[in-house]
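What follows draws every value from the coordinates through simple rules; no lab data is involved. A quick note: this is a predicted structure, and the numbers were derived from the prediction, not measured. Here Cβ is always computed from backbone atoms with ideal geometry, including for glycine, and neighbour counts include all displayed protein chains.
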């Protein structure tokens, strides 16, 4: 029975203690307070009614607690996935329609199903196609897009668009409709939240407030902004002045909902769902691994797929939308002392109570305040230093980052991230298409061979040793052939060519044919072809081919053996 | 002035001799005789009027003679490109309409333009994306498709379709319409041509006929079949019995034509044109290189792109359709003694005379005879032995071949070849995603380190040396991290981890971050992380990163240095 492998709850549930309970409970209270405004805000970003954000934090958290492996990860709506959701749904329905909300459920269901499928097939490694530069570029660009998308709420105007040029054009077109009261509220909320983030803690430190309280105050900042602006709107009746407010939010537990399964809807949402799954998974796993490493715990990526998949499927049946493990909420959960996934379950309970009891209180909450929370939160995602770092290290990584950022901003999130992946793969293939081939010689008094252009080494005019610095496969098979033949026609004294295979990790069928062609041509020219330092797995395969039988020279275990035998033979022939 | 680099004619033209002229002339006569039925047949395969095949052999040959670098390559319509043409044009127009012929010109123009573009940008290496298994699988499947597509002419019925199931279904549906006289003619022509190919030469050898004449007789086989069946149709008035014949072919030099440039047409033909260019280029270059190697001549792939591009653009303005360097015609040209591209120009003249004077003679030529020539020619392309060869060598190469064959047969040429390329790339990435990592030890009495599981080597329980057999990049960066950490937690005595980088040809930014993470984790665990045998280009890059500064251990030029220093240190610590 490997049941506990698929149900990690059986592991930690068995040893659940009183201390763990009280620690989890404290963490849950803190996280719940933080999540209420955040959930409303992200629902706004996704173009959904505010309660969808709260519903998306209840069932998913509980399901992740049962199936997930991270002890501190907090699952729910996050900024980037909300943006992706808005972009995907915008293509199939109008915001505010019933079709839009149903499409959100379908999107959550499809991405949950895809995650579970990947997990069951143990294909979690597919997420590695997203390289670090592509993720960094994508997150930065998404942060800029999200912040820009929220400007309309701060300005009190209508605007739309899924790319930066579209958003800016739409904002400019509606500049005449600015509601200055909304601007005042939004600007103050934004400024206040920035100050809470940057200035509050140092100030409290100077005032001698304990670090714990300072920390809590920082986290409660958004709640304070929500309370102050809500009361202001109510007291001054600002909603009558055109300030847009959250309005009626149903007072209920998450409803039972059914995603739409029309073939058209599924077809249009399948690719976005896959994209959302992969990006959500990558974000979630990196958060989970970072937190697990601090406590020497392990996260199983394939089980994480199942946990996140279950969470998304849960969201699709309870009025939510796609969710994933969020960075800020998980860090807060961890810092607040959560010990087990049970903390998540208590958070879910807290949010359920909020959904039933507190929703009337947010009636007068201005959208501008929610937009301000989002803007302040996502600007921390924007990190252009990755451009500088990759520029210094490798131009091809830089190209991948820059292309991902520009394409995400210019053509939207889906095109941006897909192009980023394709560009990274093509750049990698391009690099391997013209492998570095070093001509090597013996480092004196050792058995070690290095590049003749970088080290002082012994060489022999009758022997050319080429160290091929790349696996040989179809992309570079022809290049190798041309390179060796042109090197050999350069020097007329050459009697032996040794290919040093210490860095050749694979020889595919195309490369095998190239090696056979090289062998034939060198035989015609009276030159011996030898191979040295072939790795075990490569040799196993070559043994099954004709090459080994047809090779006009020898195969040596080490380059030093090849050198000793062939220089002796060359000397003997010269005498 | 590098003019002669772009106009190879200036090289060979300067030294053109009387002998070369007479050799070229003889080759041209032989090739012309062979090309007349072949050109008519391939036009039929492409769904175009027969004269298009002849026109496509005139201007293109001359333009290739000016811009191409191969001395023996013969450019014109070939089987696979004709099939691709039929498949592409079938999507935009009905066969026999004026739109179909104009689309053929546009296709030739687009593929010519794309080839010239690749050549000018020196991007010929892009053709390497087509691995040997994919090409072999694609050619075999195309041969089967082409032969099947010609069965309708042998049976005298109408049928259509671009995939094997479509073709077979269509043939079965029309079986009732079989014209038995056509079947008799077609079957006899096919049997005769097979016999000429397989049985005639041995027979003539036995009869003591000289090899040269036997060879010529073999090549003249199709011409004999054409003459005999044409005369039969004329004499017995078989066309009145429903035998389909070539009919009126205009008696003229290639006309001046203009490709269509409507945006819709260009959009639908662009992808097929790119595919045709790449496949035509790969076929052509491999023929050219094979022939050049026999005479120790060189073919410049980038200049070949320009030569073939010019040939296709020429075809588009002279009533032709996409062309490339053909295998059979080039081999005949070479065997007949062609010395320079001028042989091609004389062939073009011969065909021009044929187009003006001989076309009335093919009025009664039955389509079944042309179909027979095609069937016999393409069955030599079908080579399923590649399946067996790759199966024995590498399952992933086998998968690529098998997928290409099945998808080409089942879904058509375009899907087939595109999937083949994508599958090969994905299989390659998949292989590198879980690199082979060997734990190595010292081979006694040497300075050479090999896998502890394959060789008898010396090890030290306090030192783990891992030889990473793959370039480190985003696809495998996370895998490496997990692998090293799990190896280290296995043994509690470990004090040093040496990563031997002899087979690491690249460390990209994602892998750099992984190495930094590994270094941090090992530092936490009190384990030293050392690197050995880093290659020059990799070291150049690492020097620009933080890793070298932050590394808790040392960097060694050779693994032997690392071993000596660390075992001494370990011993010293033990004392």
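Below, the figures for the structure above:
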{"read-out": "Sorted by Cβ density within 10 Å, fewest first, the residues B:174, A:132", "value": "B:174, A:132"}
{"read-out": "Rounded tilt (10° steps) of B:79-89 against the dominant C-alpha axis of chain B", "value": "90"}
{"read-out": "Label-to-label distance, nm, for residues given as residue B:486 and residue B:236 (7 Å Cα→Cβ offset)", "value": "7.4"}
{"read-out": "Angle between chain A longest axis and helix A:263-294 axis [Cα atoms, degrees, rounded to 10]", "value": "80"}
{"read-out": "In nm, spacing of pseudo-spin labels at residue B:418 and residue B:195 (7 Å Cα→C-beta vector)", "value": "4.6"}
{"read-out": "Spatial separation of Cα centroids for the range B:327-391 and the range B:206-222, in angstrom", "value": "17"}
{"read-out": "Contour minus Cα-Cα distance for residue A:220 and residue A:356 (0.36 nm per residue)", "value": "46.8 nm"}
{"read-out": "Gain on full stretching of the segment that runs from residue B:169 to residue B:524 - 0.36 nm per residue minus C-alpha separation", "value": "121.0 nm"}
{"read-out": "Cβ-Cβ FRET estimate between residue A:298 and residue A:385, R0 fixed at 30 Å, reported to 0.05", "value": "0.50"}
{"read-out": "Sites residue A:94 and residue B:271, calculated FRET efficiency, Cβ-Cβ separation with R0 56 Å, nearest 0.05", "value": "0.95"}
{"read-out": "Exercise: per-residue mean of other protein chain Cβ atoms within 10 Å, B:499-508", "value": "6"}
{"read-out": "Length-normalised contact order of chain B in % [C-alpha pairs under 8 Å, at least 6 apart]", "value": "23"}
{"read-out": "FRET E, pair residue B:251, residue B:406, Förster distance 41 Å, beta-carbon r, rounded to 0.05", "value": "0.35"}
{"read-out": "Rounded if a/c under 1.5, otherwise prolate or oblate - the range A:22-414, Cα gyration tensor axes", "value": "rounded"}
{"read-out": "Cα gyration tensor category, rounded, prolate or oblate, for the range B:517-566 with a/c compared to 1.5", "value": "oblate"}
{"read-out": "Centroid-to-centroid separation of the range B:530-556 and the range A:428-460 [C-alpha atoms, Å]", "value": "17"}
{"read-out": "Relative contact order computed over the range A:388-484 (Cα-Cα under 8 Å; 6+ residues apart), in percent", "value": "20"}
{"read-out": "Geometric extent, Cα atoms of the range A:437-574 - Rg, Dmax (angstrom)", "value": "14.0, 40"}
{"read-out": "Part-to-part distance (alpha-carbon centres) for the range A:37-100 and the range B:64-114, which is given in Å", "value": "53"}
{"read-out": "Protection-proxy order for peptides A:143-153, A:85-95, B:515-525, each taking the mean of Cβ atoms within 10 Å per residue, highest first", "value": "A:143-153, A:85-95, B:515-525"}
{"read-out": "Peptide A:430-438 - average C-beta neighbours from other chains (10 Å radius)", "value": "3"}
{"read-out": "Order of B:460, B:508 - criterion: other Cβ atoms within 10 Å of each residue's Cβ, fewest first", "value": "B:460, B:508"}
{"read-out": "Percent RCO, i.e. relative contact order, over the range A:437-574, from Cα pairs under 8 Å lying at least 6 residues apart", "value": "22"}
{"read-out": "For chain A, calculated [θ]222 nm from helices alone, where every DSSP H run of n ≥ 4 adds -39500 (n - 2.57)", "value": "-20500 deg cm²/dmol"}
{"read-out": "Share antiparallel - DSSP beta bridges, the protein assembly as shown, percent rounded to 5", "value": "45"}
{"read-out": "Projected label distance in nm at residue B:178 and residue B:258, using a 7 Å step from Cα toward the beta-carbon", "value": "4.9"}
{"read-out": "The protein assembly as shown: C-alpha gyration tensor shape, a/c 1.5 cut-off, then a/b vs b/c", "value": "oblate"}
{"read-out": "Average beta-carbon neighbours from other chains, 10 Å sphere, peptide A:388-396", "value": "4"}
{"read-out": "Other-copy label distances relative to residue A:264, 7 angstrom Cα-Cβ extension, nm", "value": "2.4"}
